[in-house]
Amino acid sequence: MPPLAGSRPRIGIVGSGIAGLRAAKAILKCKVDARIVLFGDEAHRTYNRPGLTKKRYPLSDALDMMIAEDVKVNGAENDALTWRLGTRVETADLRDRILHLSTGETFEYDGLVIASGVRPRTSVWGNGECGLHAHRTLRGLDDARYIHHRLQAGEKITIVGAGFVACELASLAKEYGCEVLMLEALRSGPFENILGERVSVALGRWLAQHDITFLTGDSARELLCDLQPSHPGPPSDGALFIEAIGSVPNVEWLHGNGLDLSDGVRVDEYMRVAPWANVFAAGDVACYPDPWTPGNLTRMEFWKNAIDTGDLAGRSLASSMGHGPVTSRIGYFPSMSTEVLGLRIQIAGNPRMSDAMEIVCGDLDQLDQGVLVAYLREGAMIGAAYMDKGARFNSAYIKLLKSLRER
Amino acid sequence: MKIFVDRVKCQNHGQCAISAPTNFELDANGELQYQEAFSEENISDIEDAVDSCPLQAILLKS
Ligand SMILES: Cc1cc2nc3c(=O)[nH]c(=O)nc-3n(C[C@H](O)[C@H](O)[C@H](O)COP(=O)(O)OP(=O)(O)OC[C@H]3O[C@@H](n4cnc5c(N)ncnc54)[C@H](O)[C@@H]3O)c2cc1C
Ligand code: SF4
């Protein structure tokens, strides 16, 4: 179905996060003469999600505004771009090229970008209450505002999980002077599935040294709630109880189109959603051929990944409409960093796929003095991690990364 | 164009030093040191650094 002669083609972008915004910017940059509509179910324009947990705010009546101001991302001001915020795309019919919106309207498109991201996994439905606590999660600006308010009040916080969001949140709560309890029932410490047991146990010790009660195994499980909502337990005390136990791709709205949605949305190396020539996906939701381990698929939940894949999806879409060739494929090299109670943790490559690890320098019993770890698979390095309070081994780390990239 | 890092936002994550080591570096204390001026041939590395910063602390100003 080519666009009607004489009318401008219409492009729909579902998700107003950084991947969606970057796709829109790339399309505009390719000078496609189209009308672009960016749909977002949050009420806010694109903001810097990683910034939500990175710092403590001073007590103020204007806290909500301060956070929003701080994480503001410059939007694309352009007459060709329309923002439809607070508008959910409920279903999509890819064959007839129609989106069905929460407002009851429909939107017919010529090109589509899927950038709907992920949402936190929960053990109860939504921000529900079990018998014991009011469960909350942290993903959006509204969640962050709520949590900063409660932490400012110095409340005790319980965090379930020990991944990035859990650790950053624990660190933030400590900075606010709160008492922190972390429960990790499945693993021995932070980031175990990525960095392995030894590093993970060392990181767990780091948390404990900084006055966080970090419980694993049965002692954690005992404090997790009974998940029967009807269970007549003691009434919820309303204490702050945050679940940070991973995420779920937002793909339900795509059901019924015969797509492979087993882990996000499957795309090719141009971010195209086969068999459709006019549908692309990017960001946290996109599952693409891993350029670094041929034959494997990867789906990454990192800021820079969303930028690079968003950009590529936009350029590929422009190209499908006859605007320029798509030259570069995905060049994103996974690299991320976080800070947990003063310890900078940097991870690069794909340590998750390793079968062995090697301490290059430092001592896991003295993380603050710097530890550099290489991750190997069949003898070849495929990932690296660097933990330090300062940056003693930073140049060695960067050198390791270089050799990883040039593999 | 010159590089400007918002020191209030920057938390020395060092992602920029990986993308553009010619202009960004963490010193032994883990503090970011950077050079404002860059040459045109490094522009894509610099843009990569701007995007990589999870705190959006790096700006290019003319
Ligand atoms: C607390 C926190 C800290 C983080 N820190 C870091 C960090 O330090 N470094 C790093 O690299 N990464 C970090 N990340 C991850 C990073 O934020 C994400 O990788 C990135 O924001 C993904 O962008 P995206 O556009 O793909 O998805 P999202 O930002 O999730 O955007 C998707 C948008 O689409 C909306 N949407 C979903 N379905 C629909 C629908 N049907 N209709 C309309 N709208 C819809 C969603 O509500 C959302 O607004 C962090 C994440 C969190 C939550
Ligand atoms: S990546 Fe950003 S936060 Fe990290 S050192 Fe560079 S400017 Fe600072």
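Quick notes on this one:
- Across the range B:1-41, the qualifying residues are those that are within 16 Å of ligand 1 (Cβ to nearest atom) and in a loop (DSSP other than H, G, I, E, B), and the one among them that is nearest to the other protein chains (Cβ to nearest Cβ) is B:His13.
- A:Asp41 fulfils the conditions (1) over 15 Å from A:Asp143 (Cβ atoms); (2) open to solvent by 60 Å² or more (accessible area, probe 1.4 Å) except for a single criterion, (1).
This table checks each residue for (1) small (Gly, Ala, Ser); (2) surrounded by fewer than 20 Cβ atoms within 10 Å (Cβ to Cβ); (3) farther than 27 Å from B:Ser44 by Cβ.
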position: A:Val285; (1), (2), (3): no, no, no
position: A:Tyr288; (1), (2), (3): no, no, no
position: A:Asn305; (1), (2), (3): no, no, no
position: A:Arg315; (1), (2), (3): no, no, no
position: A:Arg329; (1), (2), (3): no, yes, no
position: A:Ser335; (1), (2), (3): yes, no, no
position: A:Ala348; (1), (2), (3): yes, no, no
position: A:Ser354; (1), (2), (3): yes, no, yes
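- Pair list, Cβ < 8 Å and 6+ apart or interchain, from the range B:1-23 residues that are in contact (Cβ under 8 Å) with a residue 60 or more places away in the chain to residues that are in a strand (DSSP E or B) and away from ligand 1 (no atom under 16 Å from the Cβ): B:Met1/B:Leu60; B:Met1/B:Lys61; B:Lys2/B:Ala37; B:Lys2/B:Leu60; B:Lys2/B:Lys61
- All positions within the range A:139-169 that are assigned to a helix (DSSP H, G or I) and under 17 Å from A:Leu224 (Cα atoms): A:Ala166
- Top-ranked residue of the range A:383-407 - restricted to ones that are part of a loop (DSSP other than H, G, I, E, B) and open to solvent by 90 Å² or more (accessible area, probe 1.4 Å), ranked as modelled with the lowest pLDDT: A:Arg407
- Subset of the range A:329-361 that is away from chain B (no Cβ under 11 Å) and of a type in the set (S, T, N, Q) - its residue that is nearest to B:His13 (Cα to Cα): A:Asn350
- Residue match in the range A:344-361 (condition: out of contact with any strand residue (DSSP E or B) (no Cβ under 8 Å at 6 or more places or on another chain) and more than 16 Å from ligand 1 (Cβ to nearest atom)): no
- Taking the criterion of being at pLDDT 95 or above and either hydroxyl-bearing (Ser, Thr, Tyr) or open to solvent by 50 Å² or more (accessible area, probe 1.4 Å) (or both), the only residue of the range A:370-382 that qualifies is A:Tyr375.
- Here A:Asp365 passes the criteria (1) within 13 Å of another protein chain (Cβ to nearest Cβ); (2) assigned to a loop (DSSP other than H, G, I, E, B) except the one numbered (1).
Conditions tested, residue by residue: (1) within 14 Å of chain B (Cβ to nearest Cβ); (2) not small (Gly, Ala, Ser).
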{"site": "A:Gly258", "(1), (2)": "no, no"}
{"site": "A:Asp268", "(1), (2)": "no, yes"}
{"site": "A:Val273", "(1), (2)": "no, yes"}
{"site": "A:Trp276", "(1), (2)": "no, yes"}
{"site": "A:Leu297", "(1), (2)": "no, yes"}
{"site": "A:Glu301", "(1), (2)": "yes, yes"}
{"site": "A:Ala306", "(1), (2)": "yes, no"}
{"site": "A:Gly310", "(1), (2)": "yes, no"}
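- Breaking point among (1) surrounded by 17 or more Cβ atoms within 10 Å (Cβ to Cβ); (2) more than 8 Å from ligand 2 (Cβ to nearest atom), for B:Glu47: (1)
For (1) free of Cβ contacts under 8 Å to residues at least 12 places away in the same chain; (2) open to solvent by less than 50 Å² (accessible area, probe 1.4 Å); (3) farther than 21 Å from A:Ala286 by Cβ, each residue gets a yes or a no:
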site: A:Thr103; (1), (2), (3): no, no, yes
site: A:Val113; (1), (2), (3): no, yes, no
site: A:Ala153; (1), (2), (3): yes, no, yes
site: A:Ile157; (1), (2), (3): no, yes, yes
site: A:Gly161; (1), (2), (3): no, yes, yes
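- On the stretch given as the range B:42-59, residues that are acidic (Asp, Glu) and more than 16 Å from ligand 1 (Cβ to nearest atom) total 2.
- In this entry, A:Asn257 passes the filter for residues that are touching a residue at least 40 places away in the same chain (Cβ under 8 Å) and within 16 Å of ligand 1 (Cβ to nearest atom).
- Which listed residue, of A:Arg84, A:Arg35, is closer than 20 Å to A:Val118 by Cα and open to solvent by 30 Å² or more (accessible area, probe 1.4 Å): A:Arg84
The values are calculated or read from the model by the stated rules, or taken from the named source; none is laboratory data. This one's a predicted model, so the numbers in the text were calculated from it and none came from an experiment. Using ideal geometry, Cβ is built from the backbone for each residue, glycine included, and neighbour counts are taken over all protein chains shown. Protein only, heavy atoms only, side chains kept; ligands, DNA and RNA dropped before computing areas. Shrake-Rupley method; radii C 1.70, N 1.55, O 1.52, S 1.80 Å.
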